[in-house]
Amino acid sequence: MKAVELSATEKKEIRKALEQVFESYRLYQLLIGSKGYIDQQPYMRSFCEGIDQAVSRLPAREKHLIMERYLNNESDYITDIEMYTHRMNPSISSRTYGVYRDRAMLKLAIYLNINTGIKHSAFLQDEGAF
């Protein structure tokens, strides 16, 4: 299996695409059960279950990072700095945090088949990327 090497721009594009997905996830979680969105309930539930399933496949530290930083209802108020200094246990450096975040984001983009404009198939060898 070959190591995945992405440029800073590619990592940013993946993160941007997934942040939009995570924003939809948080909104759907809020709206599930709301009377005004009865017709969309099955789609919203399915969407959220797909995200939950993908995140559950991540290693523990990456899973914790994604759930705390992007999927909880306080995500809009949590910064990366707060994550790596206070919410990661034990605290980690900003560089290590970036490695964990980028690795988790790439895995999720591939697993969820998120169109980021980056050819994921280039990362996959006979055994798969992960």
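Kindly check whether there is at least one residue in region 35-48 that is open to solvent by less than 70 Å² (accessible area, probe 1.4 Å), in a helix (DSSP H, G or I) and in contact with a Cys (Cβ under 8 Å, 6 or more places away or on another chain).
Here is the first cut: in region 35-48, the ones open to solvent by less than 70 Å² (accessible area, probe 1.4 Å) are 36, 41, 44, 47-48.
Okay, now just the ones that are also in a helix (DSSP H, G or I), so 36, 41, 44, 47-48.
Narrowing further to those that are in contact with a Cys (Cβ under 8 Å, 6 or more places away or on another chain): none.
No - not one qualifying residue is present in region 35-48.
Looking for something of a type outside the set (D, E), more than 23 Å from L27 (Cα to Cα), at pLDDT 95 or above and outside any helix (DSSP H, G or I) - is there at least one such residue anywhere in region 107-127?
No, because not a single residue in region 107-127 is of a type outside the set (D, E), more than 23 Å from L27 (Cα to Cα), at pLDDT 95 or above and outside any helix (DSSP H, G or I).
Would you pick out the residues in region 12-34 that are open to solvent by 40 Å² or more (accessible area, probe 1.4 Å), touching a residue at least 24 places away in the same chain (Cβ under 8 Å) and among the hydrophobic types (A, V, I, L, M, F, W, C)?
L30
Of the residues that sit in region 49-61 and are charged (D, E, K, R) and either outside any helix (DSSP H, G or I) or under 26 Å from P90 (Cβ atoms) (or both), which one is most open to solvent (accessible area, probe 1.4 Å)?
Only one residue tops the list, namely R57.
The values are calculated or read from the model by the stated rules, or taken from the named source; none is laboratory data. All of these numbers come straight from a predicted model, not from anything done at the bench. Don't worry about glycine lacking a Cβ; one is built from the backbone with ideal geometry, like all the others, and counts go over all protein chains shown. Accessible surface is based on the protein model in full, side chains and every heavy atom, while ligands, DNA and RNA are left aside. Shrake-Rupley method; radii C 1.70, N 1.55, O 1.52, S 1.80 Å.
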